[in-house]
Structure formats: structure tokens, C-alpha cells
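Worksheet: one structure, shown below.
The values are calculated or read from the model by the stated rules, or taken from the named source; none is laboratory data. Note that the coordinates shown come from a computational prediction; the quantities given were computed from them, not determined experimentally. Virtual Cβ from ideal backbone geometry, glycine too; neighbours counted across all protein chains shown. Surface areas here come from the heavy atoms of the whole protein model, side chains and all, with no ligands, DNA or RNA. Shrake-Rupley method; radii C 1.70, N 1.55, O 1.52, S 1.80 Å.
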Amino acid sequence: MTNSITTVCLNLNTADLEACRLAAEEVPYVLHHAGQIFEYLGVSQSLGHFDENPQVMISLCELISRALKNIAENEGEMLAELACKLRDAKEVGHAEQ
């Protein structure tokens, strides 16, 4: 087995790097809060809290849906672009060897 070293060069400006860092921080924050709401909905449903007014559950689910769509469209897209840049830089690094 031989050891090889792959050098990858990736140029990111400070603003792009900071935007990716913030996006990566935002994802677990939103997922954590969505999880807490889902737990609340499950407990409340099992206790019968929504029997008389199911619209409350529908509204909470709608809000969670919007938050998850927003994070997928914004932060998810930004992180996907960074992944593409990293993949492209790695492929260029392998091609040059």
C-alpha cells in the first residue's frame, strides 16, 4: 500500500466562507426547534388536547413546514454550493497528479 498526498486548492472569499459557516450553524438550530414542536404535538395529541380544536395542530405543522422549506432552500442551497466547489477542487487536484 502506497501513501499518496492529494493537494486541493480552493479559493473562497471571506464573505462566502462566513455565509457557509452561518448556514451550517442555522440548520441544527431549526431542526432542534422543529423536533421540540413535534414532541409537543405528539404529547398533546395523546392527551386529547387537539380533539376540540384540530386547527391548532394544523397551524403548528404549517409553521414547521415553512421553516424546514426555508432552511432547505436557503442554507441547504448554500451548503450544496460549497460541496460542489470542494468536489470540483478535489477533481482538479486528482487530474493534476
Problem - residue 79 accessible area, 1.4 Å probe, all protein chains in place, Å² to nearest 10 - result: 60
Fill in the blank from the handout: Measure of exposure for residue 69: accessible area at 1.4 Å probe, Å² rounded to 10, is 120
Handout entry: Surrounding net charge for residue 58, when Lys and Arg each add one and Asp and Glu each subtract one, Cβ distance under 15 Å
Key = -2
Problem - Gyration tensor (alpha-carbon) shape descriptor, the range 1-84, a/c threshold 1.5 - result: prolate
Handout entry: ³J(HN,Hα) computed for each position of the range 84-89 - Karplus, 6.51 cos²θ - 1.76 cosθ + 1.60, integer Hz, glycine/proline x
Key = 4, 4, 5, 5, 4, 5
